[in-house]
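No value in this document is a laboratory result; all are computed from the given coordinates. Just so it is clear, the model here is predicted, and its values are computed rather than measured. Here the Cβ positions follow ideal geometry from the backbone for every residue, glycine too, while neighbour counts run over all protein chains shown.
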């Protein structure tokens, strides 16, 4: 049981490049999330999904896109990378009901845009 | 609307001393409350959760937290700090029913002094 896995662990992008951060969970959770974490700022929700085919914006969606074609996968796409997107990105999943706040996190992707 | 406030971005304790990390919440309806721990270069891991059952909640690694409605608090404690407790701790709040946004605090870094 791997839980939530993310790839890559590290990435350096040049301004204007694009990339996809991969996230997979094997717990059959319907809810999945993408967060970014910046020093001293806690976690900011980028996008979330309540099931396959259903996604919605979080607090800071600009510059990102997501898709959810299966229960397991929730990739995050960065188009036209900017220095402001330098951050650590975490994917998480949770069961429904009272477990919504009980989130399982991946190990993170550290992204630098230069 | 809901929010959490963590008092103190950095807390230092001596090994063997009491650990007290403070969290106050704001919520229009009874909340669910959570504490997460993040070790360096890792994702967040659930320590404990309150979902309206017992007000004193026990978690992993000897941590516990008490829900005090009158004080709108959910402070995290551990009787005796261990070097391995050095990490960043996040308080989080969500509401019951379907998908509800989870709001994370800005985190408290715990330093344990030998």
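Only Cα pairs within less than 10 Å get springs; with that Gaussian network setup on chain A, which residue of A:93, A:69, A:84 has the largest fluctuation?
Among A:93, A:69, A:84, the largest mean-square fluctuation in the Gaussian network model of chain A belongs to A:84.
Could you list the residues of segment B:1-15 with an amide nitrogen less than 19 Å from a label point located 7 Å from the Cα of residue B:83 in the Cα-to-C-beta direction?
B:12-15
To one decimal place, what Kirkwood hydrodynamic radius in Å is obtained for chain B from all pairs of distinct Cα atoms? Walk me through the intermediate numbers first.
On the way: mean 1/r = 0.0706 Å⁻¹.
Taking the inverse mean of 1/r over all distinct Cα pairs, chain B comes out at 14.2 Å.
If we count other beta carbons within 10 Å of each Cβ, what is the order of A:29, B:82, B:10, fewest first?
On the way: A:29 20, B:82 13, B:10 10.
The most exposed by this proxy come first: B:10, B:82, A:29.
Just to be sure I understand: with springs between alpha-carbon atoms less than 10 Å apart, which residue in B:103, B:77, B:55 has the highest mean-square fluctuation in the Gaussian network model of chain B?
Largest GNM mean-square fluctuation: B:55.
Just the number, please: Stokes-Einstein D of the protein assembly as shown in µm²/s, Kirkwood Rh from C-alpha pairs, 25 °C, 0.890 mPa s. Walk me through the numbers on the way to the answer.
Details: Rh = 18.1 Å.
My calculation gives 136 µm²/s for D.
Give the distance, in whole Å, between the Cα centre of segment B:1-72 and the Cα centre of segment A:1-55.
When both Cα centres are located, 24 Å separates them.
Can you sort A:32, A:27, B:83 by how many other beta carbons sit within 10 Å, fewest first? Display every interim value, and only then the final one.
Values: A:32 28, A:27 14, B:83 9.
Fewest to most other Cβ atoms nearby, the residues stand as B:83, A:27, A:32.
Provide, for q = 0.21 Å⁻¹, the log10 of I(q)/I(0) from a solvent-free Debye sum over equal Cα point scatterers in chain A.
Relative scattering, expressed as log10 I(q)/I(0), comes to -1.14.
Pulled fully out, how much extra length does the chain show between residue A:28 and residue A:86, if you take 0.36 nm times their separation in residues and subtract their Cα-Cα distance? Please report the intermediate quantities before stating the final value.
Working: separation 58, 0.36 × 58 = 20.88 nm, distance 3.03 nm.
Extra length from residue A:28 to residue A:86 when fully extended: 17.8 nm.
Treating segment B:42-105 as a set of equal point scatterers at the Cα positions, no solvent, please give the Debye-formula log₁₀ I(q)/I(0) at q = 0.12, 0.20, 0.24, 0.25 Å⁻¹.
-0.34, -0.92, -1.25, -1.32
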